[in-house]
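Structure, as structure tokens:
The values are calculated or read from the model by the stated rules, or taken from the named source; none is laboratory data. Note that the coordinates shown come from a computational prediction; the quantities given were computed from them, not determined experimentally. Here Cβ is always computed from backbone atoms with ideal geometry, including for glycine, and neighbour counts include all displayed protein chains.
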Amino acid sequence: MAAEPLVLAEGVRKSYGLSEVLRGIDLEVGRGEVMCVIGPSGSGKTTLLRCINHLEKIQAGRLSVDGELVGYAERDGKLYELREREVARKRAEIGMVFQHFNLFPHMTVLGNIVEAPIRVKGVSKDVAAEKARQLLAQVGLAGRENAYPRQLSGGQQQRVAIARALAMEPKLMLFDEPTSALDPELVGEVLAVMRDLAQSGMTMFVVTHEMGFAREVGDQLVFMDEGVVVESGTPRDVIDNPQHERTRSFLSKVL
Ligand code: ADP
Ligand code: MG
């Protein structure tokens, strides 16, 4: 039997009121794989990440992370909705990095990184701080622990956000257009950290329009439009040899 994928989506449907935003998504991400997702604004990319991260309920289909259904437990063939506490515990196993960093502005870099391990996991202050310093070194920000977010560039803030997510020792990292709010000269430093993370074996689900990154680091590339996966494959196949007109038209705008 092939190794079980870390993320498995089968026929996932999600609506907000009457509008169906995800209309039957099938995909799987293997352990240690990097999945890149592209698609026009409004195609459902962020919604898909939020569903994987237990922030949204789905209306149909199945979505599982590490063999467990997102938001539900299955016993004797029946589904039971998880309690909020249980949902929060599972969410803590997944790191999320946002377009606008979302650091706590009133906390130092160190404070941002140690907050969740101490509060959610009960890690001691000393252990959390030591780990935070290691992570800061890993993202190229050794020694910046006492800075406040506003004192850092966007690229530095996003690297802190990555360190903060890693501090929870996630089994999966989700990135939602992590470089699209950055000045062009700061994009590379964030992508370099993400590339290192991929090389270290982290499973990553990355919404990005950095096609160089997708081609070089991605194991799979998915093109979404209007709530469906239009096309997927290796980045090389999708970028160099798209099978659908919608994919070709979109790629001509981002390449
Ligand atoms: P993308 O990230 O690809 O730009 P989104 O997943 O953010 O797309 O949005 C997909 C669609 O769902 C859009 O039409 C958006 O307006 C709608 N949508 C997203 N979040 C909500 C919400 N909380 N309530 C209602 N509609 C939403
Ligand atoms: Mg989005």
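Table: residues versus (1) at positive phi; (2) out of contact with any Lys or Arg (no Cβ under 7 Å at 6 or more places or on another chain); (3) in a helix (DSSP H, G or I).
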{"site": "157", "(1), (2), (3)": "no, yes, yes"}
{"site": "169", "(1), (2), (3)": "yes, yes, no"}
{"site": "187", "(1), (2), (3)": "no, yes, yes"}
{"site": "195", "(1), (2), (3)": "no, yes, yes"}
{"site": "224", "(1), (2), (3)": "no, no, no"}
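Could you check residue 29 against (1) among the aliphatic types (A, V, I, L, M); (2) within 16 Å of ligand 2 (Cβ to nearest atom); (3) under 27 Å from residue 196 (Cβ atoms) and say which number it fails? Answer for residue 29: the failing condition is (2).
Out of 63, 79, which single residue is aliphatic (A, V, I, L, M) and modelled with pLDDT of 95 or more?
Working: 79 fails: modelled with pLDDT of 95 or more.
So the residue among 63, 79 that is aliphatic (A, V, I, L, M) and modelled with pLDDT of 95 or more is 63.
Report yes if residue 55 is over 15 Å from residue 227 (Cα atoms) and not small (Gly, Ala, Ser), otherwise no. Yes, satisfied. Scanning the stretch 169-207 for residues that are within 16 Å of ligand 1 (Cβ to nearest atom), aliphatic (A, V, I, L, M) and surrounded by fewer than 20 Cβ atoms within 10 Å (Cβ to Cβ) yields a single hit, 181.
Restricting the stretch 40-51 to residues that are within 9 Å of ligand 2 (Cβ to nearest atom) and not hydrophobic (A, V, I, L, M, F, W, C), the residue that is farthest from residue 251 (Cα to Cα) is 47. Residues satisfying the criterion are absent from the stretch 54-70 (criterion: of a type in the set (D, E, K, R), loosely packed, with under 14 Cβ neighbours inside 10 Å and at positive phi). Against the test of being surrounded by 19 or more Cβ atoms within 10 Å (Cβ to Cβ), charged (D, E, K, R) and on the phi < 0 side of the Ramachandran plot, the options 28, 74, 86, 33 yield a single qualifying residue, 33.
Residue by residue, here is whether (1) within 16 Å of ligand 2 (Cβ to nearest atom); (2) within 26 Å of residue 31 (Cβ to Cβ) holds:
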| residue | (1), (2) |
| --- | --- |
| 153 | no, no |
| 168 | no, yes |
| 176 | yes, yes |
| 183 | no, no |
| 188 | no, no |
| 191 | no, yes |
| 196 | no, yes |
| 209 | yes, yes |
| 218 | no, yes |
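Residues of the stretch 92-106 include none that is of a type outside the set (S, T, N, Q), free of Cβ contacts under 8 Å to residues at least 60 places away in the same chain and either surrounded by 14 or more Cβ atoms within 10 Å (Cβ to Cβ) or in a helix (DSSP H, G or I) (or both). Residues in the stretch 207-215: is at least one in a loop (DSSP other than H, G, I, E, B), over 14 Å from residue 97 (Cβ atoms) and hydroxyl-bearing (Ser, Thr, Tyr)? The answer is no, given that none of the residues of the stretch 207-215 is in a loop (DSSP other than H, G, I, E, B), over 14 Å from residue 97 (Cβ atoms) and hydroxyl-bearing (Ser, Thr, Tyr).
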